[in-house]
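Have a look at the structure below, then the notes.
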Amino acid sequence: MDPITVLHRIAPEFLEIIDQRYALLQTINFMGPVGRRTLSNNLNQSERTIRREVEFLQEQGFISSSHAGMRLTEAGQQVLLDLEDYIREIRGLADLELELKNILQVNKVLIVPGNSDVDPMVKKDLAKVTSRYLRSVLKDGDILAVTGGSTLAEVADSFASNGISKNVTVVPARGGLGEDVNLQANSIAAKLAIGLGGAYRLLHAPDQVVPGVMETIVNEPLIRDVIALGRRAQVLLHGIGTAEEMARRRGLDEDLIMKLITAGAVGEAFGYYFDKDGKIVYSTSSVGLRLEDLAKIPLIIAVGGGQSKAWAVWSVAKLGHCDVCITDEGAARRLINIFKNKEENSNGN
């Protein structure tokens, strides 16, 4: 019996303490300098509990305090790094990854601890794991296509240069949605290219246009060239959004949003809205890569976390255009429950 299993059986409270202190160190690392009240609100723990844990971690030399707030020391950053594998083992994430890989029928699943619906720090961890994986698979000469959204914006922000340049070209896979510029594919492509030490091209076009204008826009030489470059990508990185979330980001009217929901749309990718079986229930006229382009891209990485995105992840995976799924524990555990309920209903019939 391995040590973690022994501890689970004889002293489960010990593992809970490790888990809590890991979450505290992680939050201070991402938010520092930070005060006790902010930690209390973010971790949903009393200030008294936070004070006790902080005092212990300060005594161990993992946290330093100043008038601005608390930060991790170098020792704290190292222990946080050292704890990552233990936390994964404590929560059984390696087994969860294998189970979800088989359920979704993808080549690889990576799961980070926590649920980004309730803990915003988990999205930052999701971004860190994504940027690390992306750096490991990109090769010199590759073209990387990326979409927009808050999760990929976090990936771009976490993708600081490590001093090793890669001769890659990053291109946006979609036009702009007319939202916060930091969430647009153009901004994310540029940031990723800078972090990689590579080059980038921008797609100066809206994501959604009326059908009659589409042909004119996509035949503009600069736009046509960037789209063609995206179609030759070796790697595509895209976020996974719920159907309602993406419909609102695109500015669809309320009547159409209600029709999507009534039609059973749960997920969206590249202007297509899917139901729980991965069937297309609606599509938009949009500038950029289309669904039919994905079959020609060797490696497609889909990223999305939070329990609320479980059905969206499921529907995108069911399309078959997903090689690697990077998600969090909240989404993963709900996905497994979805699969088990489907199995029970199927057996019952």
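The values are calculated or read from the model by the stated rules, or taken from the named source; none is laboratory data. The structure displayed is predicted, hence computed values, not measured ones. Every residue, glycine as well, gets a Cβ built from its backbone with ideal geometry; the counts of neighbours run over all protein chains shown.
Just a few scattered comments:
- Any hit, the stretch 71-79, residues being part of a helix (DSSP H, G or I), outside the structural domain of T327 (by TED's automatic domain parsing) and buried (at least 20 other Cβ atoms within 10 Å of the Cβ): yes
- Matching entry among N182, N186, N167 (being crowded, with 22+ Cβ neighbours inside 10 Å and either on the phi < 0 side of the Ramachandran plot or in contact (Cβ under 8 Å) with a residue 24 or more places away in the chain (or both)): N186
- Matching entry among A247, A265, A233, A228 (being of a type in the set (A, V, I, L, M), crowded, with 24+ Cβ neighbours inside 10 Å and assigned to a helix (DSSP H, G or I)): A247
- With respect to the stated conditions, K318 fails to be buried (at least 24 other Cβ atoms within 10 Å of the Cβ), in the same structural domain as Y272 (by TED's automatic domain parsing) and charged (D, E, K, R).
- The set of residues in the stretch 74-107 being of a type in the set (V, I, T) and more than 20 Å from L57 (Cα to Cα) consists of I90, I103, V106.
- Screening S65 with (1) part of a helix (DSSP H, G or I); (2) surrounded by fewer than 16 Cβ atoms within 10 Å (Cβ to Cβ) gives one miss only, at (1).
- On the stretch given as the stretch 244-273, residues that are modelled with pLDDT of 90 or more and in contact with a Gly (Cβ under 8 Å, 6 or more places away or on another chain) total 2.
- Among the candidates V106, V146, V112, the residue that is buried (at least 21 other Cβ atoms within 10 Å of the Cβ) and either over 18 Å from the mean Cα position of the chain (by Cα) or farther than 24 Å from N42 by Cβ (or both) is uniquely V146.
- Selection within the stretch 36-62 - in a loop (DSSP other than H, G, I, E, B), surrounded by fewer than 18 Cβ atoms within 10 Å (Cβ to Cβ) and at pLDDT 90 or above: S46, Q60, G61
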